[in-house]
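Novice: Structure below; questions to follow.
The values are calculated or read from the model by the stated rules, or taken from the named source; none is laboratory data. All of these numbers come straight from a predicted model, not from anything done at the bench. Positions of Cβ are backbone-derived with ideal geometry, glycine not excepted, and every protein chain shown enters the neighbour counts. Ligands, DNA and RNA are stripped out before the accessible areas are found, and what is left, the full protein with its side chains, is counted by its heavy atoms. Shrake-Rupley method; radii C 1.70, N 1.55, O 1.52, S 1.80 Å.
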Amino acid sequence: MQAYLDNAATTRCSLHAAEAMMQVMCENFGNPSSLHQKGVDAERCIREAKTFFAENLKVKDKEIYFTSGGTESNNLAIIGTALANQRAGKHLITTAIEHASVAHPMKYLEKQGFRVTYLPVDQDGIVSLKALSEALCEETILVSVMYVNNEIGSVQPIPEIGALLKERDSKAYFHVDAIQAYGKYKILPQKEGIDLLSISGHKLHGPKGVGMLYIQEKVKIHPLLHGGGQQKDLRSGTENVPGIVGITEAARECYAQLEENRSHLYHLKQLFAEELSTLEGVRINGRTKEDSAPHIISVSFEGVRSEVLLHALEEKGIYVSAGSACSSNKPSISHTLQGIGLSKELSGSTLRFSFSFDTTEEEIYYCLQELRELLPMLRRYVRR
């Protein structure tokens, strides 16, 4: 038997999305910038995709842009907005537990002369509204906070942050990395005060290599890519039409059964958490109820290195992660786990389990069964 429990890293592309992409690649394969019928057909696919996302988010079609994925969406939102608004101020605010595709652009901008405030989080990975309020100043031009943390599944108070910025009459734009949230939550940027929103296709059963960025029409932003002038000169490059169709169909499927899917995920998460609590030397990081993300659970296993347990589970056909898939192959301690106060020893013994709509109870029980057998054996080996 196998159990794929690494869905925060990537999900299996849905069959319907894959079929729609195949049709585009083999039939509507024209360049959307071409003036002939093949180009018109391809351009129509993009237009229909924009309409779907605009209706889903309750925004305007012209505020939807397609990118190569979550990393590009985050980079464009952060660097593009910072560069376009630096005359108004050079202060940025983010949190101490952001994904690398947010944290690294912030570090880059620091080298360009910007000042960045990294807000701390509590033991559950939640940012303090009081700390944000105190950090805001006349120079603040951008606040970037992720909706769902990709390692421990903490959910940030996004609507409250948006309301705070409005209450303070801040000129700062509000960017939200919703890469782990979109497809699991109904997100309404205008209602929640969000000016820029990033999503990624392969996190919601769409293809890799495609993402979306919502940019509120009044946001001043500079392009990072220059060339063909596609997407109103903001994101040059021939559009990935098959990918755009794929992410759209995958998103459509997610939201057609949103509540049913969320209930399934929370059931699996709480079942897994309850069973884990019966095991010796096991600590769950962050929250596990419905005030946390439905699909992510971070677990520390005392006395067992994460890489050792990861590969022991892999030999049993169980696939998990030692943290963010973008950095789990690098020998560094997770800044998210540091941010919630986890010790170095426990951080090095932590695995992330993440579920999808396809995950079954059978897979959960199989994983638990193998953990019960592997943990005592691996701990005995370490003690020797």
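Novice: Have a look at ILE221, ILE187, ILE179, ILE199 and point out the one that is among the β-branched types (Val, Ile, Thr) and outside any loop (DSSP other than H, G, I, E, B).
Specialist: Exactly one of ILE221, ILE187, ILE179, ILE199 is among the β-branched types (Val, Ile, Thr) and outside any loop (DSSP other than H, G, I, E, B), namely ILE199.
Novice: Starting from residues that are in contact with a Lys or Arg (Cβ under 9 Å, 6 or more places away or on another chain) and part of a helix (DSSP H, G or I), keep the ones in region 127-164 and report whichever is surrounded by the most Cβ atoms within 10 Å (Cβ to Cβ).
Specialist: GLY162
Novice: Okay, moving on. Applying the selection to region 82-127, what residues are aromatic (Phe, Trp, Tyr) and within 30 Å of ILE296 (Cβ to Cβ)? Spell out how you get there, then give the answer.
Specialist: The initial filter retains those residues of region 82-127 that are aromatic (Phe, Trp, Tyr), namely 108, 114, 118.
Hits for region 82-127 are TYR108, TYR118.
Novice: Might you check whether a residue that is surrounded by fewer than 18 Cβ atoms within 10 Å (Cβ to Cβ), polar (S, T, N, Q) and under 24 Å from GLY30 (Cα atoms) occurs anywhere in region 229-237?
Specialist: yes
Novice: Now a separate question. Criterion first (buried (at least 21 other Cβ atoms within 10 Å of the Cβ), more than 21 Å from the chain's Cα centre (by Cα), at pLDDT 95 or above and among the polar types (S, T, N, Q)) does SER300 satisfy it?
Specialist: yes
Novice: So, one more: Go through region 80-119 and report how many residues are open to solvent by less than 20 Å² (accessible area, probe 1.4 Å), in a loop (DSSP other than H, G, I, E, B) and within 22 Å of ALA178 (Cα to Cα).
Specialist: Here the count works out to 2.
Novice: Filter region 45-78 down to residues that are in a helix (DSSP H, G or I) and among the aromatic types (Phe, Trp, Tyr) and give me whichever is least open to solvent (accessible area, probe 1.4 Å).
Specialist: So the residue we want is PHE53.
Novice: Follow-up. Can you tell me which residues in region 306-336 are in a loop (DSSP other than H, G, I, E, B), over 19 Å from THR10 (Cα atoms) and modelled with pLDDT of 95 or more?
Specialist: LYS316
Novice: Looking only at region 238-260, count every residue that is open to solvent by 30 Å² or more (accessible area, probe 1.4 Å) and of a type in the set (Gly, Ala, Ser) and tell me the total.
Specialist: Number of matching residues: 1.
Novice: Please tell me if ILE187 is under 28 Å from GLU55 (Cβ atoms) and either open to solvent by 10 Å² or more (accessible area, probe 1.4 Å) or over 18 Å from the mean Cα position of the chain (by Cα) (or both). Even if it seems obvious, please write down each step before you answer.
Specialist: Numbers: under 28 Å from GLU55 (Cβ atoms): yes; either open to solvent by 10 Å² or more (accessible area, probe 1.4 Å) or over 18 Å from the mean Cα position of the chain (by Cα) (or both): no.
When the stated conditions are applied, ILE187 does not pass them.
Novice: Using beta carbons and a limit of 6 Å, which pairs, at least six apart or on different chains, have the first residue in region 217-229 and within 16 Å of PRO32 (Cβ to Cβ) and touching a residue at least 24 places away in the same chain (Cβ under 8 Å) and the second one open to solvent by less than 70 Å² (accessible area, probe 1.4 Å) and not aromatic (Phe, Trp, Tyr)?
Specialist: If the second residue must be open to solvent by less than 70 Å² (accessible area, probe 1.4 Å) and not aromatic (Phe, Trp, Tyr), the pairs left are GLY228/SER236.
Novice: Looking at VAL210, VAL176, which one is free of Cβ contacts under 8 Å to residues at least 60 places away in the same chain, touching a Ser or Thr at 6+ places or on another chain (Cβ under 8 Å), crowded, with 23+ Cβ neighbours inside 10 Å and not hydroxyl-bearing (Ser, Thr, Tyr)?
Specialist: VAL176
Novice: Could you identify the single residue in THR10, THR67 that is modelled with pLDDT of 95 or more, under 23 Å from VAL148 (Cβ atoms) and touching a Leu at 6+ places or on another chain (Cβ under 7 Å)?
Specialist: Of THR10, THR67, the one residue that is modelled with pLDDT of 95 or more, under 23 Å from VAL148 (Cβ atoms) and touching a Leu at 6+ places or on another chain (Cβ under 7 Å) is THR67.
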